[in-house]
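*Asks:* One structure follows; several queries about it will come next.
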Amino acid sequence: MNNYLRNTLIATAVAFLAAAVAACGSNDHVRTPPAPVFLRFATINEWQQYGPGANPLDFDYYIKSERLPKDFPYIATNETGYGGVLLAVALTGQPVAMDLSCPVENSQTIRVRVDKKSHHAVCPKCGSRYFVFENYGRAVSGPAAEKELELRRYNVIPTDDTPLHGYVVN
C-alpha cells in the first residue's frame with residue numbers, strides 16, 4: 001500500500017509540474033517587461049480633471065519622464081510602466097490601461113499611438129495594430145497578430161465603492 005501511495009503521489013506531482021511548464025510556455029503573449037505603475041486619481045473630480053475623459057473612446061498618454069500629459073500633477077510615487085501608460089475609456093464605459101510599448105519592438109521609446117479613425121493603437125515602426133477600447137490590448141494585425149502578442153495590461157481599480165470614487169492604476 002505504501003508503494004502504491006508513493007507512486008500515485010509521484011505521478012500526480014509529475015503531472016502538475018508538466019501542466020505548469022506547459023502553461024508557462026503557452027501564456028507568452030506579453031513581451032513587454034514588467035515595470036512599476038502607479039497613478040492615483042483620488043476622487044471623481046481628479047479623474048475628470050486629469051483622467052482621459054468620461055466617454056467611451058476617450059484616451060490619454062501618461063509618460064512620467066516626459067511629463068505627459070502636461071497638466072498631470074506627477075509626484076515622486078507615480079510610475080508609468082515600461083513605455084508609458086495608455087489610459088482609455090472602453091466602449092463599456094469602464095476605464096482600461098495598457099503599456100504604450102509595442103511588444104514586437106520591445107522598446108521604451110517605440111510607443112503605440114491611437115488612430116482616431118480606426119480606434120486602434122498603432123506601432124509607428126512595425127505597423128502592428130491593437131484593440132484599445134474592446135479586447136484590451138489584443139493585436140488586430142501586423143507582426144504582433146502573427147506572433148499572438150498583446151499590449152501589457154494594467155489594473156484600474158476604484159478607490160472606494162462610493163459614487164464619487166476615483167481610480168488607482170497599477
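*Asks:* Kindly indicate which of Asn7, Asn27, Asn55, Asn2 is modelled with pLDDT of 90 or more and either loosely packed, with under 11 Cβ neighbours inside 10 Å or farther than 29 Å from Ile75 by Cβ (or both).
*Replies:* Asn55
*Asks:* When segment 118-128 is examined, which residues are found to be more than 12 Å from Leu57 (Cα to Cα), out of contact with any Asp or Glu (no Cβ under 8 Å at 6 or more places or on another chain) and not small (Gly, Ala, Ser)?
*Replies:* Answer for segment 118-128, where residues must be more than 12 Å from Leu57 (Cα to Cα), out of contact with any Asp or Glu (no Cβ under 8 Å at 6 or more places or on another chain) and not small (Gly, Ala, Ser): just Pro124.
*Asks:* For segment 31-52, which residues satisfy the criterion of being open to solvent by 50 Å² or more (accessible area, probe 1.4 Å) and not in a strand (DSSP E or B)?
*Replies:* Correct list: Arg31, Pro34, Pro36, Asn45, Glu46, Gln48, Gln49.
*Asks:* Also, I was wondering about something else. For segment 145-167, indicate whether the set of residues that are part of a strand (DSSP E or B) and over 28 Å from Tyr74 (Cα atoms) is non-empty.
*Replies:* no
*Asks:* Still on this model: Of the numbered conditions (1) over 11 Å from the mean Cα position of the chain (by Cα); (2) touching a residue at least 12 places away in the same chain (Cβ under 8 Å), Gly81 satisfies every one except a single condition; which is it?
*Replies:* Evaluating Gly81 over (1) over 11 Å from the mean Cα position of the chain (by Cα); (2) touching a residue at least 12 places away in the same chain (Cβ under 8 Å) leaves (1) as the failure.
*Asks:* Something else now. Which residues, taken from segment 58-74, are charged (D, E, K, R) and either open to solvent by less than 10 Å² (accessible area, probe 1.4 Å) or touching an Asp or Glu at 6+ places or on another chain (Cβ under 9 Å) (or both)?
*Replies:* Of everything in segment 58-74, just one residue is charged (D, E, K, R) and either open to solvent by less than 10 Å² (accessible area, probe 1.4 Å) or touching an Asp or Glu at 6+ places or on another chain (Cβ under 9 Å) (or both), namely Lys64.
The values are calculated or read from the model by the stated rules, or taken from the named source; none is laboratory data. Just so you know, these numbers come straight off a predicted model, no measurement behind them. Note that we place each Cβ from the backbone using ideal geometry, even for glycine, and neighbour counts take in every protein chain shown. Keep in mind that these areas ignore ligands, DNA and RNA; they rest on the heavy atoms of the full protein, side chains included. Shrake-Rupley method; radii C 1.70, N 1.55, O 1.52, S 1.80 Å.
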